[in-house]
Amino acid sequence: AAEHLAATRAGRRAPHRVAVAGSTYSVFPVRAGARTPQAVGVSREVRETVLSDWLLVVEADAGDWAEERLDLLYGVTQLIAVERDRRDAARTVRRRLAQEVLELVQTGAAPAEIAARLRVAAPVLLPGLGAAPHWQVVVARVEWEDGTAETGPVAQSLLEEILVDPHATGPEHSDRIAVAHTGDEAVALVPLPAVSTEHDGSETGVLADALLESVREPLSAGLDGDGRVTLGVSAAVHSAEGLRGA
């Protein structure tokens, strides 16, 4: 991922190739409409998506592949892009719920009003949960040196990707996260079971050190020295009153 981000920021044409532990891998970006190498990375501000791109990695050197074989791989990326579009569409309700909660907190709404909105969000994010969940707030801020790119949506997409545990099993883990954005920041509401019945560590929520360690290298490559990502992780919040100070 780090090699791909660095190559994308440098404007090198996909697929990008990288050697790891004696094996060569070809990295194909997953983007709607990118059926050819020429179509990848054009007519777009790369900083709008570079931090949250999806990738298809093939254990092979695609540098000598025939056009027909490359076209087949780009066709596969299009199928994956359709799935990503489906997931993005499914996030609409969760994004709206998070935006409503964020606006209530920022405008100083009464705790009872915030609590009512959280009660609406809880069954959407943690269906079947009997008790009201605790909440954790994760904030991301993306800044570029020239200050020209709109970064709130960039931070939103970034949080929606990095807060998903790729090793999680069971229901779609991304369905449990609601992310809103305002200005240059994105704010994620992460519900935590008040009492974990699975003893899987879910009650501990997002751990700041572990999150930073997992994303530091690829994000550094994507930022390429002219951008900065700031992440903040709150402790577990047990009530609407606590959410205001998180």
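Taking the stretch 92-113, which residues are of a type in the set (A, V, I, L, M, F, W, C), part of a helix (DSSP H, G or I) and free of Cβ contacts under 8 Å to residues at least 40 places away in the same chain?
Going through the stretch 92-113, the residues of a type in the set (A, V, I, L, M, F, W, C) turn out to be 93, 97-98, 101-102, 104-105, 109-110, 112.
Filter once more, keeping what is part of a helix (DSSP H, G or I): 93, 97-98, 101-102, 104-105, 112.
Listed by number, the residues that qualify are Val93, Leu104.
Any chance the stretch 24-32 includes a residue that's touching a Leu at 6+ places or on another chain (Cβ under 9 Å), surrounded by 16 or more Cβ atoms within 10 Å (Cβ to Cβ), under 16 Å from Gly222 (Cα atoms) and at pLDDT below 80?
Checked against the condition, which is being touching a Leu at 6+ places or on another chain (Cβ under 9 Å), surrounded by 16 or more Cβ atoms within 10 Å (Cβ to Cβ), under 16 Å from Gly222 (Cα atoms) and at pLDDT below 80, the stretch 24-32 yields no hits at all.
Looking at this structure, is Pro133 closer than 15 Å to Val237 by Cα, assigned by TED's automatic domain parsing to the domain that holds Leu192, touching a residue at least 12 places away in the same chain (Cβ under 8 Å) and touching a Lys or Arg at 6+ places or on another chain (Cβ under 9 Å)? Spell out how you get there, then give the answer.
Details: closer than 15 Å to Val237 by Cα: yes; assigned by TED's automatic domain parsing to the domain that holds Leu192: yes; touching a residue at least 12 places away in the same chain (Cβ under 8 Å): yes; touching a Lys or Arg at 6+ places or on another chain (Cβ under 9 Å): no.
In short, no.
Those residues that are in a loop (DSSP other than H, G, I, E, B) and modelled with pLDDT of 80 or more, I need them from the stretch 142-163; list them, please. Can you show your working first?
Applying the first criterion (in a loop (DSSP other than H, G, I, E, B)) to the stretch 142-163 yields 145-151, 163.
Glu145, Thr151, Leu163 - these are the residues of the stretch 142-163 that are in a loop (DSSP other than H, G, I, E, B) and modelled with pLDDT of 80 or more.
The values are calculated or read from the model by the stated rules, or taken from the named source; none is laboratory data. Everything numeric in this text was worked out from a predicted model, so none of it was measured. Because the Cβ atoms are built from the backbone with ideal geometry, glycine has one as well, and the counts that use them run over all protein chains shown.
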